[in-house]
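Single-structure report; data block below.
None of the figures in this text is laboratory data; all of them are computed from the coordinates on show. Remember, predicted model here, so these are calculated numbers, not experimental data. Every residue, glycine as well, gets a Cβ built from its backbone with ideal geometry; the counts of neighbours run over all protein chains shown.
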Amino acid sequence: MRRYPLIVAAVAALFLVGGCSDESEAKRPDPAGPTASSDRPSRTPVAQPSGLDLPENVRILVAETTGDDDRDLPGFTPEDGAYTVYAACEGEGEVSIVGRDSSKPHPVACNGVPTVGVVYVEKKAQHIRIQVAGGAPAWKVAVVSGNHQP
């Protein structure tokens, strides 16, 4: 039964990475583009990502939350042994979802591509963190109980 956490981690990674675009070449920032002179990039206002289009009649575990920097989301306990993460971001930089008990980040696609992933877990308290790197993209995340992948 000790293989269960490994299987959960592998399935979670597949679903979260599965939110990427079907296009063979996703638009990436130009590496030769302008850079900030300080160690930390300057923050410029970025449009908030559009709504996450959550399904109706679901138990919301973490209400739609927005930000532009690292944040621990409130803890939650899924009812069905699974939860679905809906995420989106806009702007320059990278956004990842990380289980607080894990060091492996799961990337969130930015600039118009929503990320939806189902995570299968034991029915116990879960804790996830949003991590931002390389800029200040505006992100939006919500978590619902059960498997609600579109």
query = Just in region 44-144: which GluC sites (Glu not before Pro) are loop by DSSP and have at most 12 other Cβ atoms within 10 Å?
reply = Glu56, Glu79, Glu122
request  = Could you calculate the contour length gain from Ala125 to Thr65, that is, 0.36 nm times the residue separation minus the distance between their Cα atoms, to one decimal place in nm?
outcome  = 19.7 nm
inquiry  = Sort 126-132, 101-107, 83-89, 114-120 by the packing proxy (mean of other Cβ within 10 Å over each peptide's residues), most packed first.
reply    = 83-89, 114-120, 126-132, 101-107
